[in-house]
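The values are calculated or read from the model by the stated rules, or taken from the named source; none is laboratory data. Because the structure is a prediction, the values reported are computed rather than measured. Every residue, glycine among them, receives a Cβ derived from its backbone with ideal geometry; neighbour counts consider all protein chains shown.
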Amino acid sequence: MELRTCNSILDAIGNTPLVRLHEVVKSIPAKVYAKVEGMNPGLSSKDRIALYMIEKAEKEGRLQPGGTIFEATSGNTGYGIAMVSAVKGYNCVLCTTKKTSQEKIQALEALGAQVVICPSVHAADPRSYYNTAERLHTETPNSIYLNQNFDCGNAEAHYHTTGPEIWQQTQGTITHYIACVGTGGTISGTGKYLKDQNPNVQVIGVDAYGSVLAKYHETGEFDESEISPYQVEGLGKTIIPGNVYFDVIDHFIKVNDYNSAIAARRLAKEEGLFVGFSSGSALHALYEMKEELTENDVVVLLFSDHGSKYLNKIFNEAWLEENVFKKDREDAKVQTLNNQWVRKTPSW
């Protein structure tokens, strides 16, 4: 009898479950499912691109045995890279920002990665985590810089894995795909595959207030005035990544920290789904577009990572009060005084 085993932990990447939502979508007429990427061994969708991009670099001869892999990451891609590096015997150096949670940094180091903490500065600044990773790569023999924002392997990984999985799991009935947009690979690769099967599938990108992506999609303009601080990790950008296929995305919905955090916490308490910050962003985006949906629609939300990565953030009452709730109250007060719009309370 043949044993059903994985040769290594890397064989456990992908084929994540599609889970129907109930309590949190009572106001939504459509059938709503979550693609739960936190069920990957590295607890996020980024395992897929880490394995795909590294193996692509091996096949192309850019990555040699004993080499060093550099990357700029908010944590999840870094975990996938560190995991793959540990199995394949590569050195791993990951550059990230102060915004990355301590849990993520500790996990990266546990896997043997060297973590370089960079200041949260403009992408063009030499101290940014993008430029730091690229500089360290140029200074290190036998190394590569994966560059998930611009290497096409990012989107290709999801075109060949996530897209086909969702299509098969919904038996081709999917009508709407909602995913947060950071580097762009998850929404672009998956969205392109789904549209190749059925051009009528709507692909909705979720962006953060403080990011430039939605405005760029609408106008083609890179507007630096859109940039402001926000807390959600792995969502939004202050650059325009090459892996964001704007022609695949039908439209964007912007979300804030407050609504994203509340939605993520609801998923844990009402659905038993312990997911991350940006998964709450995807759910709130669904609430914002519920008037567009009918009972005949089948919606898939991409939940990109696991809630255990945020125990000291959105699942920590003190952090949440200081960094999200307090700021939300202050913003609403200022907006009211200025006779501007007041934050819209979700109709849950």
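Among residues of the range 207-235 being of a type in the set (Gly, Ala, Ser) and over 15 Å from the mean Cα position of the chain (by Cα), the one that is nearest to His251 (Cα to Cα) is Ala214.
When the range 201-224 is limited to residues that are touching a Ser or Thr at 6+ places or on another chain (Cβ under 9 Å), part of a strand (DSSP E or B) and of a type in the set (Val, Ile, Thr), the one that is farthest from Asn259 (Cα to Cα) turns out to be Val203.
Residues considered: Glu23, Glu103. Of these, the only one that is among the charged types (D, E, K, R), touching a helix residue (DSSP H, G or I) at 6+ places or on another chain (Cβ under 9 Å) and in the same structural domain as Glu271 (by TED's automatic domain parsing) is Glu23.
Ala72 satisfies every condition listed in (1) within 21 Å of Lys309 (Cβ to Cβ); (2) modelled with pLDDT of 95 or more; (3) of a type in the set (A, V, I, L, M, F, W, C) except (2). Just so you know, in the range 165-200 the residues that are part of a loop (DSSP other than H, G, I, E, B) and in contact with a strand residue (DSSP E or B) (Cβ under 7 Å, 6 or more places away or on another chain) include one that is surrounded by the most Cβ atoms within 10 Å (Cβ to Cβ), and it is Val181. So if I check each of Met53, Met39, which one is under 16 Å from Leu302 (Cβ atoms) and either of a type outside the set (Lys, Arg) or outside the structural domain of Lys290 (by TED's automatic domain parsing) (or both)? None of the others qualify; the one that does is Met39. Of the strands (runs of 3 or more DSSP E) entirely within the range 87-162, those holding at least 3 residues that are over 22 Å from Ser8 (Cβ atoms) occupy 91-97, 114-118.
Within the bounds of the range 226-244, is there any residue that is over 25 Å from Leu146 (Cα atoms), touching a helix residue (DSSP H, G or I) at 6+ places or on another chain (Cβ under 8 Å) and not in a loop (DSSP other than H, G, I, E, B)? Yes, the conditions are met somewhere in the range 226-244.
Residue check: Arg20 meets all listed conditions (1) among the basic types (Lys, Arg); (2) at pLDDT below 95; (3) within 28 Å of Ala285 (Cβ to Cβ) but one, namely (2). Answer yes or no as to whether Gly80 is within 20 Å of Leu10 (Cβ to Cβ), part of a helix (DSSP H, G or I) and either touching a helix residue (DSSP H, G or I) at 6+ places or on another chain (Cβ under 6 Å) or at pLDDT 95 or above (or both). So Gly80 fits the description; yes.
The set of residues in the range 206-238 being of a type in the set (Ser, Thr, Tyr) and buried (at least 21 other Cβ atoms within 10 Å of the Cβ) consists of Ser211 alone.
Check whether at least one residue in the range 294-310 is part of a helix (DSSP H, G or I) and surrounded by fewer than 20 Cβ atoms within 10 Å (Cβ to Cβ), and report yes or no. Yes, the range 294-310 has at least one match. Inspect the range 98-116 for any residue being in contact with a Cys (Cβ under 6 Å, 6 or more places away or on another chain) and in contact (Cβ under 8 Å) with a residue 40 or more places away in the chain and give the result as yes or no. Scanning the range 98-116, I find no residue that is in contact with a Cys (Cβ under 6 Å, 6 or more places away or on another chain) and in contact (Cβ under 8 Å) with a residue 40 or more places away in the chain, so the answer is no.
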